[in-house]
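Okay, structure first, notes after.
Laboratory data are not the source of any read-out in this text; all were calculated from the coordinates shown. The structure displayed is predicted, hence computed values, not measured ones. Quick reminder, even Gly has a Cβ in these numbers, built from the backbone with ideal geometry, and neighbours come from all protein chains shown.
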Amino acid sequence: MEIMNIATNRKARHEYHIQEKYEAGIVLQGSEVKALREGKANIKESYVRFIKGELFVVGMHIAEYSNAGYVSHTPVHDRKLLLHKRELKKLARIVDEKGKTLIPLSIYFKNGLAKLEFAIAQGKKMWDKRQTIADRDAKRNTDRIMKGFNK
C-alpha cells in the first residue's frame, strides 16, 4: 500500500480536540490531480460541511497545474467527498450536536487515488491550548534531561 502525503493541516491539532478520523475519496478534475501530484495544495483554511445531504470540502486550494494548456480548473471551489451512505448519515447526526465540526487533517494519494483524511473535532478553549503547549514543553524538557542521563 503506497501512500504519498501531499498536504497536512498542522494547526488542526492545536485548535481542536480530535475525536474520530475518517478517510474519503475526492472528486477531482484531471488538472487538479496533476497539480496535487506536484504537491500544490493547501488545506489550512478549509473545512468539511454538508451541502444538500452530501459532504464537501470547502476552501481547499489546489494551484493550477504548471503544464496546463488552455483548459484548467479554478483553484478554490467546493469539492465533493465520497463516503458510504451509512457513514454520511452517522456524520450528519454527530455534526448536528453543538460544538462538533469536521476539519480536514491531510490530503494524500493512496494506491493512486486522492484521499482526504478528516476528523470530527471540538474546538479548544484558550486555556486548553495553553495547557497543550505546557505539556509539550514539559515532555520536551524531560526527554532532554533523560537523554543527558543516558550518555
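Nearest 0.05, what FRET efficiency do Ala138 and Lys44 give at R0 = 22 Å with Cβ-Cβ as r? That pair, Ala138 with Lys44, gives E of 0.20. If the cut-off is 16 Å between C-alpha atoms, which lysines fall inside it for Lys85, apart from same-chain ones fewer than 8 positions away? The qualifying lysines are Lys52.
Computed from the alpha carbon positions, the gyration tensor of the chain leads to an equivalent ellipsoid with semi-axes of 32, 22, 14 Å, biggest first.
The loop-placed chymotrypsin sites (Phe, Trp or Tyr not before Pro) in segment 21-98, going by DSSP, that have at most 13 neighbouring Cβ atoms within 10 Å of their Cβ come out as Tyr70.
The calculated 222 nm mean residue ellipticity attributable to helices in the chain amounts to -10000 deg cm²/dmol, summing -39500 (n - 2.57) over DSSP H runs of n ≥ 4 and dividing by all residues.
Partner lysines whose Cα lies under 18 Å from the Cα of Lys110, excluding those fewer than 8 positions away in the same chain, are identified as Lys21, Lys34, Lys40, Lys80. Counting only residues at least eight positions apart within a chain, or on another chain, the lysines with an alpha carbon under 18 Å from that of Lys139 are Lys129, Lys147. Along the axis of the charge dipole computed for the chain (Cβ charges of +1 for Lys and Arg, -1 for Asp and Glu, origin at the Cα centre), the listed residues Ser46, Ser106, Ile133 are led at the positive end by Ile133. Cβ crowding within 10 Å ranks Glu20, Glu64 as Glu20, Glu64, fewest other Cβ atoms first.
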